[in-house]
Amino acid sequence: MRQKIYILIVGCLLLGMSVRAQDFHFSQFYANPLYLSPSLAGATDGGRLAVNYRNQWPAVSKAFSTYSISFDNFFSKFNSGIGFYLIQDHAGSAGLTSTQAAFQYSYNLLVTNDLQVVPAVQFTYGNRAVDFNKIVFPDQPPGSGGGSGGFDRLSNEQVHYIDLAASVFVYSSRFWMGLTVDHLARPNYSFMNEQAEVNLKYVVFGGLNIWTERRRNKGMNRAFSMSFRYQNQDNLSQADLGVYWYNGPLELGFWYRGLPFFNESGSKAINQDAVVALLGYDFGMVRMGYSYDITISNLGWSTAGAHEISLILEFNQKGNMRLGGRRPAVPCSETANPLNSGGKYRKKRRRIF
């Protein structure tokens, strides 16, 4: 099984084909908001720093390890937010490394006191690198060392590219909905001297606040919400559907990832990936989250699922700063939405994510 998985990593990632594995994946996508949508840049009343780590398939030697750090800030004078993130992924014994740095700009439009629209753009620089000398292919002569064999067409150990993305985010105190369109520049990921443009990627996400209970005299803060994310790239699709339950300072989440009513392209197998369990804890202005992916696809337990850790720090927060304090709060994951405010929407600090 491990050999098959390694061949999958080499075949899908190295050749630069249009596959799902081209883009980074985080199960706690609300705890990595800038990667989810450029519209979430500047979504607090000040500065925010987020750090994420994902170890996918730990039972497979050197499978996927992904690191992410992001920072964003809201500028009330310009009613705008800016954000920056840096993500790096390591895969396989050949040292396949993917790095992506992005700058984001968002603008906040107040439709009503309880409705916001946030369009945004993103500019991205990316790099992919691999060490051909560490690769040994099946048709390679014994004792010849790495870097020869059936993949003689591999000519570039590094690929540099520029990309663009755009998004829009709509929310009120009751619901939220967002759309992100990535790879607008159609970059070329291939390590060969061939054209292998990446297909457009569409991400739709949203949620609904079921109920929220806050009692300041008892220090009580409880919430329950449902949320989803759907991604499509070329003929590949993936959906996440889950719930969050928050009873401060503890948060629990449960997600299902897959499309159980549709088969995978060219296969009779049911399109399902994993169920995800989340545990979050509130340390004031610091939020920590841990999640574990339980694999339910054909890979089974041989991969040992995936571990993911998130850490969010908010600072320099200014109450009543944005739009006279009229901005409603999005009732999403508490791990990604520290310091929720309650009461009326006027003259209260409002936060999203």
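The values are calculated or read from the model by the stated rules, or taken from the named source; none is laboratory data. All values reported here derive from a predicted model rather than from experimental measurement. Please note: Cβ atoms are built from the backbone with ideal geometry, for glycine as well, and neighbour counts cover all protein chains shown. For accessibility, only protein heavy atoms count, side chains too; no ligands or nucleic acids. Shrake-Rupley method; radii C 1.70, N 1.55, O 1.52, S 1.80 Å.
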Practice problem: Can you confirm whether the range 135-157 contains a residue that is surrounded by fewer than 18 Cβ atoms within 10 Å (Cβ to Cβ) and modelled with pLDDT of 90 or more? | Solution: no
Self-check item: Count of residues meeting criterion [part of a loop (DSSP other than H, G, I, E, B), in contact with a Leu (Cβ under 7 Å, 6 or more places away or on another chain) and open to solvent by less than 50 Å² (accessible area, probe 1.4 Å)] in the range 171-184
Solution: 2
Exercise. Please specify each residue of the range 104-120 satisfying the condition of being farther than 12 Å from Leu40 by Cα and either of a type in the set (Ser, Thr, Tyr) or without any contact (Cβ under 8 Å) to a residue 40 or more places away in the chain (or both).
Key: Leu109, Val111, Thr112
Quiz item: Taking the range 189-207 as the region of interest, how many residues are modelled with pLDDT of 75 or more and open to solvent by 70 Å² or more (accessible area, probe 1.4 Å)?
Solution: 2
Self-check item: Lone unmet requirement of (1) open to solvent by 60 Å² or more (accessible area, probe 1.4 Å); (2) at pLDDT 90 or above for Gly253
Solution: (1)
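Yes/no per residue for (1) surrounded by 15 or more Cβ atoms within 10 Å (Cβ to Cβ); (2) in a strand (DSSP E or B); (3) at pLDDT 80 or above; (4) among the hydroxyl-bearing types (Ser, Thr, Tyr):
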residue: Asn271; (1), (2), (3), (4): yes, yes, no, no
residue: Val276; (1), (2), (3), (4): yes, yes, yes, no
residue: Met288; (1), (2), (3), (4): yes, yes, yes, no
residue: Tyr292; (1), (2), (3), (4): yes, yes, yes, yes
residue: Asn298; (1), (2), (3), (4): no, no, no, no
residue: Ser302; (1), (2), (3), (4): no, no, no, yes
residue: Leu313; (1), (2), (3), (4): yes, yes, yes, no
residue: Lys318; (1), (2), (3), (4): no, no, no, no
residue: Gly324; (1), (2), (3), (4): no, no, no, no
Self-check item: Options Tyr35, Tyr53; residue that is of a type in the set (Ser, Thr, Tyr), at pLDDT 95 or above, open to solvent by 20 Å² or more (accessible area, probe 1.4 Å) and within 30 Å of Met192 (Cβ to Cβ)
Solution: Tyr35
Quiz prompt | Exclusive hit being within 22 Å of Gly289 (Cβ to Cβ), touching a His at 6+ places or on another chain (Cβ under 9 Å) and part of a strand (DSSP E or B), set Arg48, Arg54 | solution = Arg54
Quiz item: What pairs come up if the first residue lies in the range 291-302 and is within 24 Å of Asn52 (Cβ to Cβ), the second is of a type in the set (Phe, Trp, Tyr) and in a loop (DSSP other than H, G, I, E, B), and their beta carbons are under 9 Å apart, counting only those six or more places apart or on different chains?
Solution: Thr295/Trp57; Leu299/Trp57
Practice problem: Please tell me if Tyr85 is under 15 Å from Phe26 (Cα atoms), modelled with pLDDT of 90 or more and of a type in the set (Ser, Thr, Tyr). | Solution: yes
Practice problem: Filter the range 56-85 for residues that are out of contact with any helix residue (DSSP H, G or I) (no Cβ under 9 Å at 6 or more places or on another chain), open to solvent by less than 20 Å² (accessible area, probe 1.4 Å) and closer than 16 Å to Tyr105 by Cα and give the result. | Solution: Ser80
